[in-house]
Amino acid sequence: MINTTAEPEAGSLARRLRLLALGALLALGAATAQSVAFTDVNVFDGEELHQGLTVVVEDGVISAVGSDVQLPEDSEVIDGAGHTLLPGLIDAHQHVFTEEALHQNAVFGTTTVLDMFTDPGFAALMREEQAAGEAGARAQLLSAGILATAPDGHGSQFGVPVEGLTAPEQAHDWVAERLAEGSDYIKVVLETGAEMGFELPSLSPEIAAAVISAAQDQGLLTVTHVQTLAEAHIALEAGTDGLAHIFTDEVADDGFIAAAAEQGLFVIPTLTVFQSLPDGQVDEATLNDPQLSPYLAPADRQSLSQPFAGFELLSIGTGLENVRLLHEAGVPILAGTDAMNPGTAYGASLHRELELLVEAGLTPSEALAAATSVSADIFGLSERGRIAEGLRADLVLVEGDPTSDIRATRSIVAVYVGGVEVDRDAWREALEAQAEAAGAQAEQLSGDQPVLISDFDSGSLNVFIGQAWEPTDDGLAGGDSQAQISVVEGGHGLSQHVLQIDGTVGSAFPMPWAGAMYMPAAIPFAPEDLSNVPFLYFEAAGTPGDYRVQLYCANLGQQVVEWRFAVQEHWRRYNVDLGTIGGCDPSGVMAIIFSSGTEGDFTLQLDNVQLQPVAN
């Protein structure tokens, strides 16, 4: 037992720095709309470039655009010489699960996000705040909410409950449920996994067609996930409005190209997420770009370093050629990144997507339109995607001319969301504070002394390093297990308090769990290097039975691995080498979970949880 009288909250430099960082992030949404006049600025209006104009913003709206404009007396005047003013960028394919991701998008000039699958409750909250004018300087969110997939099909593996469709007759009611939840459009999934060497249940063509028809009957646009030309043919024949992803297994045949153009199909290629296919080469230029890098979080750096690769049947070259062919045939191309997937980062990756679209044959102006007016037109966003009088003041000011060099979009001078300037400096400073916190933790973890996580004697859930304890259960994945945690009096020997987990393990989820989670990094769910202190020690007592230490490790992706231990009513000490649990590499531990997977009620108490450099 490691004795200490210090309060974890007061004694942790990392925690103090995290609180400072959080304060800076919250300040991003506190500003109000400004009166701003951009003078002598080049303006890309969503379709073409105009030189030497004045653009005035008042009360969150573009009030004037022209060469001879009277400036309001109270406006801030910005000299735009040598700069280009763009409409706020639209990322037409993301997966957003946190408000922080929307702030990050705005920092990089993405002011509107078309989400293609998230928790509908989260999406509803974001919409509510946006409608009330309480969203501040973050990207605006539209979302498909829950996607249409087969039971246990693609999209059901991300922790959001998804009820798969098994018959065409379910389509009307399913779409009605999405409409009631607030879905702005419908996402359909056609994915067998065959091109990647595994098998997934997928919607039948009949069910896909029924969902698409039901959605269109109720006035909703449909976007269909495909990865192969065969799936793209099915989606086209089912009547989908657009494709989420370009197929990368085969070059499109003439019949598909002609039918796509005739039917009015649009395509969101998400080339960025495929750029490492098949050989795993990542785009280090984006990762190390001096204009983007200071605004990237550690999790972004990790993601950008992880290629989506190893699938020999898929190729970015094939994807680029398909975009070229479709574009030449007049099929609308929309810019989207598929962030949060490996190889992407919210906001930053859209700049790479624009570059790849140009590589695929679009002109820089056409690529910019793909991220502004084209997306706005197709998704009915009449108040954004262009710079014109009366439209919403979502704007990005950049140095240079991105219509001649698309990489100029990275040279961001300022971003405005509904006339509110994004505090990019506060974001960067918050990241610097997080980096300092991470450095302080890394120094502590690199020593030769035990590292106490929690002895709970402060009476709180706070920790001495990492993130505070929180409950976790399979309710996140549609299960019926429940867990509650608290700090109570008791413990073994001189201990004053312990962590108590009270839970019920249900049967609705195939791999049920209920317990408590600890994240060791200074940033939630970021990987932490525990290779110098890989031995986890703890004391436990409770309802007799089998329990588990479960690990999320960076080298294993979303796979969770576990180590089982037996608990009795009397206290017992345990230790385990994290490096021996399911192939986990201790240099990148993201979360440690203490849980029960045995159906029924349980109580588990934990005390003196620590990390040790050697077993003793």
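Computed from the coordinates by the stated procedures, all read-outs in this text should not be read as laboratory data. In this text, all values refer to a predicted model and were calculated from it rather than measured experimentally. Note that each Cβ is placed from the backbone with ideal geometry, even for glycine, and that neighbours are counted across all protein chains shown.
In square nanometres, what is the average projected area of the Cα convex hull of the range 467-511?
Details: hull surface 16.5 nm².
Seen from a random direction, the Cα hull of the range 467-511 projects 4.1 nm² on average.
Quick one: if you take sqrt(5λ) for each eigenvalue of the C-alpha gyration tensor of the range 35-90, what semi-axes come out, biggest first, whole angstrom? Mind dumping the intermediate values first?
On the way: eigenvalues 60, 34, 19 Å².
Taking √(5λ) for each Cα gyration eigenvalue gives 17, 13, 10 Å.
Taking loop as defined by DSSP and a crowding limit of 16 other beta carbons within 10 Å, which GluC sites (Glu not before Pro) in the range 161-246 fit? Walk me through the numbers on the way to the answer.
Working: sites: Glu163, Glu169, Glu177, Glu181, Glu191, Glu195, Glu199, Glu206, Glu231, Glu237; in loops: Glu163, Glu191, Glu199.
Those satisfying the criteria are Glu163, Glu199.
In Å, what is the Rg of the alpha-carbon atoms in the range 216-265, and how long is Dmax?
Looking at the range 216-265, its Cα Rg and Dmax stand at 10.7, 34 Å.
I need the calculated FRET efficiency for the pair Ala442 and Asn288, taking r as the beta carbon distance and R₀ as 22 Å, to the nearest 0.05.
0.55
Per DSSP H run of n ≥ 4, the term is -39500 (n - 2.57); total these for the chain, divide by its residue number, and report the mean residue ellipticity at 222 nm rounded to 500 deg cm²/dmol. Could you put the intermediate results ahead of the total?
Details: 16 runs with 158 residues, N = 616.
-7500 deg cm²/dmol, from helical runs alone.
Two decimals, Cα atoms only, Kirkwood Rh: what is Rg/Rh over the chain? Don't jump to the answer; show the numbers that get you there.
Details: Rg = 25.8 Å, Rh = 25.9 Å.
Reported Rg/Rh, Kirkwood definition of Rh: 1.00.
What residue among Val56, Ser75, Pro87 has its Cα farthest toward the positive end of the dipole of the range 56-121, where the charges are +1 on Lys, Arg and -1 on Asp, Glu, each on the Cβ?
Farthest along the dipole direction, towards plus: Pro87.
Hey, any idea what Rg/Rh is for the range 85-172, computing Rh the Kirkwood way over Cα pairs? Write out the running numbers ahead of the final one.
Values: Rg = 14.8 Å, Rh = 14.1 Å.
We get a ratio of 1.05 for the range 85-172.
Could you compute Rg(Cα) / (2.2 N^0.38 Å) for the range 430-507, with N its residue count? Spell out each step's value before the answer.
Numbers: Rg = 16.4 Å, N = 78, 2.2 N^0.38 = 11.5 Å.
Output field value: 1.42.
Over 10 Å intervals from 0, what percent of Cα-Cα pairs in the range 448-612 sits in each interval?
Result, from short to long distances: 11, 42, 38, 8, 0 percent.
For the chain, give the share of DSSP beta bridges that are antiparallel, in percent and rounded to the nearest 5; count only bridges with both residues there. Display every interim value, and only then the final one.
Numbers: 78 of 105 bridges.
Here the share of antiparallel DSSP bridges comes out near 75 percent.
Computed over the Cα atoms of the range 147-380, what is the convex hull's projected area averaged over all directions, in nm²? Please list the in-between numbers first.
Details: hull surface 49.5 nm².
The Cα convex hull of the range 147-380, projected and averaged over all directions, gives 12.4 nm².
Of the options Ala235, Pro298, Gly319, report the single residue whose Cα projects farthest towards the positive end of the charge dipole of the chain (beta-carbon charges: Lys, Arg +1; Asp, Glu -1).
Positive-end residue among those listed: Pro298.
Angle check, please: helix 316-328 long axis (alpha carbons) against the longest principal axis of the chain (alpha carbons), in degrees 0 to 90, nearest 10.
Approximately 30 degrees, to the nearest ten.
Determine, from the Cβ-Cβ distance of Ser305 and Glu389 and an R0 of 41 Å, the FRET efficiency 1/(1 + (r/R0)^6), rounded to the nearest 0.05. Before the final figure, lay out the partial values.
On the way: r = 44 Å, r/R0 = 1.08.
Plugging the Cβ-Cβ distance into 1/(1 + (r/R0)^6) gives 0.40.
If you project the alpha carbons of the range 197-293 onto their three principal axes, what span does each projection cover, largest first, in Å?
Ordered largest first, the range 197-293 gives principal extents of 48, 31, 29 Å.
Expressed in whole Å with the largest first, what are the equivalent ellipsoid semi-axes of the range 240-353 derived from the C-alpha gyration tensor as the square root of 5 times each eigenvalue? Provide the component values of the computation, followed by the final result.
On the way: eigenvalues 157, 46, 20 Å².
For the range 240-353, the ellipsoid semi-axes come out as 28, 15, 10 Å.
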